[in-house]
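K.L.:
Pasting a structure below so you can have a look.
The values are calculated or read from the model by the stated rules, or taken from the named source; none is laboratory data. Bear in mind the structure is a predicted one, so any value in this text is a computation, not a measurement. Cβ placement follows ideal geometry from the backbone for every residue including glycine, while neighbour counts extend to all protein chains displayed. Just the protein is used for accessible areas: all its heavy atoms, side chains included, with ligands, DNA and RNA removed. Shrake-Rupley method; radii C 1.70, N 1.55, O 1.52, S 1.80 Å.
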Amino acid sequence: MKTNTEFRLTDQLERELMLEAMSASETVKLVPFLKSSGLAVVRAADRLLGFISRLNDAMDRAYNYNTRFASTQW
């Protein structure tokens, strides 16, 4: 594997970036995160079930349309 030496960080620069990132006062609040994640999962499940329902309806209509023309005519 060939690495591009222009983008390598020196040890000191890497250390400074790590310390700055670790000392950032951004905290993750668990309850809002879980709420938003839960809502995203519920929305995704709702959209998936809606898609499956529309697909099932379309398949039923296609089957009924097909059987109407494919039935034997006396």
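K.L.:
Given labels modelled 7 Å from the Cα in the Cβ direction, how far is it in nm from Glu16 to Ala40?
P.N.:
The two pseudo-label positions are separated by 3.4 nm.
K.L.:
How charged is the neighbourhood of Met22? Take every other residue with its Cβ under 14 Å from the Cβ of Met22, and add Lys/Arg as +1 and Asp/Glu as -1.
P.N.:
Summing Lys and Arg as +1 and Asp and Glu as -1 gives -3.
K.L.:
Here's another thing I want to ask about it. Quick check: net charge around Ser36, other residues with Cβ under 15 Å of its Cβ, Lys/Arg +1 and Asp/Glu -1?
P.N.:
+3
K.L.:
Using a 1.4 Å probe, what is the accessible area per residue for the range 16-74, in Å²?
P.N.:
Value for the range 16-74: 101 Å² per residue.
K.L.:
Of the heavy-atom accessible surface of the range 9-62 (probe 1.4 angstrom), what whole percent is carbon and sulfur?
P.N.:
Carbon-and-sulfur percentage of accessible area, whole number: 66.
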